[in-house]
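Heads up: the structure comes next, in structure tokens.
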Amino acid sequence: MARKVRVAASVNEPDPLIDGFLQAISAMRAASVNTLSAYRQDLLDCQAGLEIRAKTLTNCDMDDLRGVIIWWHQRDLKPRSVARRLSALRQFMGWAVEDGVRQDDPTTWLDNPSLPASVPKSLSETEITQLLKMATMLEPKSASLQALAMLEILYATGLRVSELVSLLVVQFRRNPKTILVKGKGGRERMVPLGETAQVAALRWIECRDANPAFVQSDYMFPVRGGGPMSRHRFASLLKKLALAADIEVGRVSPHRLRHSFATHMLNRGADLRSLQSLLGHADISTTQIYTASRPERLAGLVKSAHPLASCRQDR
């Protein structure tokens, strides 16, 4: 019990060295606030494990870090959590060597934990339709129009929820067919809206502009005070719609809708490179995980598209 108290206290304490690392990656990669916060927590947790061995991030060796990994497993951390902490630790040590804080990198020969293959889970097209139907039934009408616009835009574009709530209303004033989205690392991309999402956006703007609490805000989906809707508030809205649609609440989230967009696009013939561009993935390997969700589609694609497939059938 005392060990848990010590860990919690350590995680909440600021550390100038970790702050220096975070400032460096923020400057180099334009990392988001959420990414920086995750790095901080992972490194502070590693530091707490080292304190048990009377070591620090600056004087630990590989055996010390292996001891920390064992400590993580003793706390029943999942392999993905361990892998994420190790990733943060490797990046910190690389920075520390480059910046002259350390002479060596003790993570060089550390093994990553084995991870199960991750297949993105998505909703069916019917379930998406049910969520949209429930959005039209919300009261008051302004809540319905807002929810419908957010859902239509999210499902039409595959935006991250942080990108959705950060959208500026000025982009939608002239009923655009595409919008400019600023994603992870400050990377910008153009995404098409689609007619249904355009109509939903225009109907919401008419309602939005008639509300004195919203009209002066720069955001497409503001809250009282003019700031953007929070990610948590939108997630709560989705849970409410899922409950009304008789869909298991635990299966519905903003990110699950992003997965649904990608899976449904791929199932209907979209190519990986186009999907990568739409989703804003820096590496196509991230996009390729969606191919694992429908192996029968890929088999069917080979059967219908391969030049020798028809020849073999004729024999």
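Each reported figure results from applying straightforward, stated rules to the coordinates on display, with no laboratory input. Computed from a prediction, not measured in an experiment: that's the story for all the values here. Counting neighbours? That spans all protein chains shown, and the Cβs are built from the backbone with ideal geometry, glycine included.
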| field | Nearest 10 degrees, 0 to 90: helix 33-52 Cα axis against the chain principal axis | value | 30
| request: With a point put 7 Å past each Cα toward its Cβ, work out how far SER26 is from SER236 in nm, to one decimal. | output: 2.8
| Cα axis of helix 231-244 to longest principal axis of the chain: angle in degrees, 0 to 90, nearest 10? | 50
| message | Quick check: convex hull over the Cα atoms of the stretch 2-98, volume per residue in Å³, rounded to an integer? | response | 98
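Based on the mean of other Cβ atoms within 10 Å per residue, sort peptides 274-280, 151-157 so the most packed one is first.
Details: 274-280: 18.6, 151-157: 23.1.
Highest to lowest by the protection proxy: 151-157, 274-280.
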| note | For LYS78, the aspartates and glutamates lying under 17 Å Cα to Cα, once residues fewer than eight places off in the same chain are dropped, come out as ASP42, ASP45, ASP111
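Pull out the extension gain between LYS78 and ARG273, defined as 0.36 nm times the separation in residues minus the alpha carbon to alpha carbon distance; nm, one decimal. Present the calculation step by step, with values, prior to reporting the outcome.
Working: separation 195, 0.36 × 195 = 70.20 nm, distance 3.20 nm.
Gain in length upon complete extension: 67.0 nm.
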| query | For helix 254-267, what angle does its Cα long axis make with the longest principal axis of the chain, in degrees from 0 to 90 and rounded to 10? | reply | 60
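Viscosity 0.692 mPa s, temperature 37 °C: Stokes-Einstein D of the stretch 175-253 from its Kirkwood Cα radius, in µm² per second?
Details: Rh = 14.8 Å.
D, rounded to a whole number, is 222 µm²/s.
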| remark: Any aspartates and glutamates whose Cα falls less than 19 Å from that of LYS177, other than same-chain ones fewer than 8 residues away, would be GLU152, GLU163, GLU188, GLU195, GLU206
| said: With +1 assigned to the C-beta of every Lys and Arg and -1 to the C-beta of every Asp and Glu, and no other charges, what is the dipole magnitude of the chain about the Cα centre in debye, to the nearest 20? | reply: 820
| remark: Here the gain from full extension of LYS177 to ALA54, 0.36 nm per residue of separation minus their alpha-carbon distance, amounts to 38.3 nm
| task | State, to one decimal in nm, how far the label point of ILE289 lies from the label point of ALA213, with both points 7 Å from Cα in the Cβ direction. | result | 3.7
| query | Where does the chain land on the Kirkwood hydrodynamic radius, alpha-carbon pairs, in angstrom? | reply | 22.7
| If you build a Gaussian network model of the chain, linking Cα atoms that sit under 10 Å apart, which residue out of VAL223, VAL191, VAL33 swings the most? | VAL33
| message | Could you order the peptides 246-259, 167-180 from most to least packed, using the average number of other C-beta atoms within 10 Å per residue? | response | 246-259, 167-180
| query | Using every alpha carbon pair in the stretch 125-299, what percent of pairs falls into each 5 Å bin from 0 up to the bin containing the largest distance? | reply | 1, 8, 17, 21, 21, 16, 10, 4, 2, 0, 0
